[in-house]
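Below is one structure; the comments refer to it alone.
The values are calculated or read from the model by the stated rules, or taken from the named source; none is laboratory data. Predicted model, so just to flag it, every value in this text is computed and none were measured. Cβ coordinates were reconstructed from backbone atoms using ideal geometry, including for glycine residues, and neighbour counts include every protein chain displayed. Accessible surface areas use protein heavy atoms only, side chains included; no ligands, DNA or RNA. Shrake-Rupley method; radii C 1.70, N 1.55, O 1.52, S 1.80 Å.
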Amino acid sequence: MAGLKDKRGFIDKDRLDLSERKAVEYWMKRWGVTQDQLTTAHRKAGRMVKDIAAELGKKR
């Protein structure tokens, strides 16, 4: 449940759902990481963006 389905282009800024392509692309571009790096951080830290950012050593 990373975003509201009835709002186009909405990306949840608090949680990351790896099954939502647009959200994954957004965070990859924002943090300058690959999909593999993002997936690994997601598995280690959970789905909260602040935790993933800390795992990657990036600012939220």
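Scanning the range 27-60 for residues that are part of a helix (DSSP H, G or I) and open to solvent by 60 Å² or more (accessible area, probe 1.4 Å) yields LYS29, ARG30, GLN35, ASP36, GLN37, THR40, ARG43, LYS44, LYS50, ALA54, GLU55. Contact annotation: no residue pair with Cβ atoms under 9 Å, 6 or more positions apart or on different chains, pairs a residue in the range 15-36 that is on the phi > 0 side of the Ramachandran plot with a partner that is open to solvent by less than 40 Å² (accessible area, probe 1.4 Å).
VAL24: modelled with pLDDT of 90 or more, buried (at least 17 other Cβ atoms within 10 Å of the Cβ) and not in a helix (DSSP H, G or I), yes or no? Against the criterion (modelled with pLDDT of 90 or more, buried (at least 17 other Cβ atoms within 10 Å of the Cβ) and not in a helix (DSSP H, G or I)), VAL24 does not qualify.
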